[in-house]
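The values are calculated or read from the model by the stated rules, or taken from the named source; none is laboratory data. Since we're looking at a predicted model, the values are computed, not measured. We place every Cβ from the backbone using ideal geometry, glycine too, and count neighbours over all the protein chains shown. When the accessible area is computed, the model is the full protein with side chains, heavy atoms only, and any ligands, DNA or RNA have been set aside. Shrake-Rupley method; radii C 1.70, N 1.55, O 1.52, S 1.80 Å.
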Amino acid sequence: MWNVKCKILFVLALASSVFAGEASLCRIRKVVWVGEHSAYDEAHLNLVEGSPCESWKNAAARLARDYEDRGFAAVQVVGKMHYGMGGASGKDTLGVLMVELKRGVGYVWAAPENLDSSGTDAEVFRRLSGIEEGAPVSLTDLERSERKLARLGYYEQTAPARLFRDPARNRLVPAFSMRAARNSEAEGLLSYSSEDNLWEGLVNVKLYNILGTARDLTLQGFTGESSRHLDFLYKEPWIFSSPWNIVLQGQFDEEIYSVESDTLDGKLKDVTERVAMGEVGVTRDIGFDWNIGIFFGMSEDDKHTTFEVNYVSLDRFVLPRRGLKMQGFATWKMDRPDSLDNYLESHGKILSYYPLFGNVITRFTGAAGGIFPTDATLKRSDYFALGGMDSFKGMGYRFMRSRAYGFSELALLWQDGYNLSIEAFYQPGLYRGFAPERGWKREQDYGIAFTQYRGNWSVNLYYALRNGENYLDGIIGFGLKTLF
């Protein structure tokens, strides 16, 4: 009986190996083109020679997509395999692929339209879409434009984008379904550190797409026991009908800190440092995801120039689920007092969302910054202000100063649509100690956060700890936001 079973298993294994071997014998020997085509088409598709017989379909889809992005929205790449006497069973080891390219008529873009009530001037909407009237139709650009409009925060997408043909000309009208969203916001955030028994408050007011003109205005104010901070930003889009925006921004910073007294008695005295800074600059979009800007500014003890670059491919404005966001800044400060040095300040940040399964998402954050030359003579306000939800979360807002820093963060999120987000995060990092401290210091922060949206309101709670702290000595934050 045992011998019979062994023989049966051997026969089954032999049969399966034979069929697998036969299936793998089918290869494309040659690609034969029918009808009009170009050398570019041949180079794109002839690469499948020697590959499995089914591989041509993926190559044909890539070639068709390439034509779709060059204005030929109705292109077709039709192929058929011809086998020898063995047919398609695999006994004939080589086959001939007959290919025909049906390119169709070329199309250009008509002016984009919105099928919903966007609350935005029609010309402003067309500029925001990024699609240029008269340019060759590109289905990839249509997808990018749709994602861009969805993540601006100006609109809520109610249906996928559609294409309509202009009956009189070879033009396609990209038609979006974007409804005006309550995107402007007013937010208050209150935090408490039980270790320092310290309360801090932060207020944010952001006005987006003012009166449907794509103008933006942001105001942010912070107050704590020993510091106060105010930020201002205003954007005027498409100045003189050009692709460039004018941006005005400024900040005021006041900080009280202690230094050794001049009396040499070992006592400390409080010093108040105030800095006001203003900048004017221009920004513009590059494609659908990139943005660059150049700024010129001055304060009471310097003049400076800043170059910035931004990349955003997030899928939506509220509680994004996938995509990437990158920011980079380089500032050269000059015309300094004799007691201070000119210096270059550079810093950047990357933020990435990736869905794992269901409502579970991961978020990775990395950031770094430095001041060069490293031995430049600076005043306290020249250093990076670290701490808060945008940097080291276990520290209070603008808790400390440093010449250089770097950190990464890994967060695990559970999101329920646009309404609820719960996350746990871990954030290791390094920073350069501020005088009288020297050398690099390690930092590890971790905690949990909760965000709940209800209509036009949202509530945010978080609890963050620094490594080595008692579990009851962390920072607890409570935020309340309204959309209007």
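Restricting the search to the stretch 153-176, which residues are among the charged types (D, E, K, R) and without any contact (Cβ under 8 Å) to a residue 60 or more places away in the chain?
E156, R162, R165, D166, R169
From the list S258, S177, S242, which residue is within 21 Å of R127 (Cβ to Cβ), out of contact with any Phe, Trp or Tyr (no Cβ under 7 Å at 6 or more places or on another chain) and loosely packed, with under 13 Cβ neighbours inside 10 Å?
S242
Would you point out the residue of the stretch 153-174, among those that are part of a loop (DSSP other than H, G, I, E, B) and open to solvent by 50 Å² or more (accessible area, probe 1.4 Å), that is modelled with the lowest pLDDT?
A168
Taking into account only those residues within the stretch 334-362 that are open to solvent by less than 40 Å² (accessible area, probe 1.4 Å) and charged (D, E, K, R), which is farthest from S402 (Cα to Cα)?
R336
Of the residues T365, T374, which single one is open to solvent by 50 Å² or more (accessible area, probe 1.4 Å) and of a type outside the set (D, E)?
Selected residue: T374, the only one of T365, T374 that is open to solvent by 50 Å² or more (accessible area, probe 1.4 Å) and of a type outside the set (D, E).
Test each condition in (1) more than 22 Å from the chain's Cα centre (by Cα); (2) free of Cβ contacts under 8 Å to residues at least 60 places away in the same chain for D416 and report the one that comes out false.
(1)
Restricting attention to the stretch 192-215, does a residue exist that is at pLDDT 90 or above, acidic (D, E), open to solvent by less than 40 Å² (accessible area, probe 1.4 Å) and farther than 30 Å from N470 by Cβ?
Taking every residue of the stretch 192-215 in turn, none turns out to be at pLDDT 90 or above, acidic (D, E), open to solvent by less than 40 Å² (accessible area, probe 1.4 Å) and farther than 30 Å from N470 by Cβ.
Tell me whether the stretch 352-374 contains one or more residues that are at pLDDT 95 or above and in contact with a Pro (Cβ under 7 Å, 6 or more places away or on another chain).
yes
Scan the stretch 31-47 for residues that are farther than 15 Å from Q76 by Cβ and either touching a residue at least 60 places away in the same chain (Cβ under 8 Å) or loosely packed, with under 13 Cβ neighbours inside 10 Å (or both) and jot them down.
Passing the criteria: V31, V32, S38, A39, Y40, A43.
Which members of the stretch 214-258 meet the condition of being within 24 Å of the chain's Cα centre (by Cα) and either touching a residue at least 40 places away in the same chain (Cβ under 8 Å) or outside any strand (DSSP E or B) (or both)?
A214, R215, K235, P237, W238, P243, W244, V247, Q249
Which one is nearest to L202 (Cα to Cα) among residues in the stretch 426-477 that are of a type in the set (G, A, S) and open to solvent by 50 Å² or more (accessible area, probe 1.4 Å)?
G455
Taking the condition within 30 Å of R182 (Cα to Cα), open to solvent by 20 Å² or more (accessible area, probe 1.4 Å), β-branched (V, I, T) and not in a strand (DSSP E or B), does V318 pass?
yes
Would you be able to say whether some residue in the stretch 384-399 is part of a strand (DSSP E or B), touching a Lys or Arg at 6+ places or on another chain (Cβ under 6 Å) and not β-branched (V, I, T)?
Yes: the stretch 384-399 contains one or more residues that are part of a strand (DSSP E or B), touching a Lys or Arg at 6+ places or on another chain (Cβ under 6 Å) and not β-branched (V, I, T).
Please go through (1) aliphatic (A, V, I, L, M); (2) within 12 Å of the chain's Cα centre (by Cα); (3) in a strand (DSSP E or B) for I294 and return the number of the only condition it doesn't satisfy.
(2)
Could you check the stretch 297-312 and list, in sequence order, the residues that are open to solvent by less than 30 Å² (accessible area, probe 1.4 Å) and either of a type in the set (A, V, I, L, M, F, W, C) or part of a loop (DSSP other than H, G, I, E, B) (or both)?
D301
When both residues are 6+ apart or on different chains and their Cβ atoms are under 6 Å apart, which pairs have a first residue that lies in the stretch 184-201 and is under 24 Å from D216 (Cα atoms), and a second that is among the β-branched types (V, I, T)?
Note: pairs meeting the criteria are A186/V205; A186/T482; G188/V203; G201/T223.
Quick check on my filter: what residues within the stretch 48-76 are more than 35 Å from the chain's Cα centre (by Cα) and either under 30 Å from D166 (Cα atoms) or open to solvent by 40 Å² or more (accessible area, probe 1.4 Å) (or both)?
Answer for the stretch 48-76, where residues must be more than 35 Å from the chain's Cα centre (by Cα) and either under 30 Å from D166 (Cα atoms) or open to solvent by 40 Å² or more (accessible area, probe 1.4 Å) (or both): E49, G50, P52, E54.
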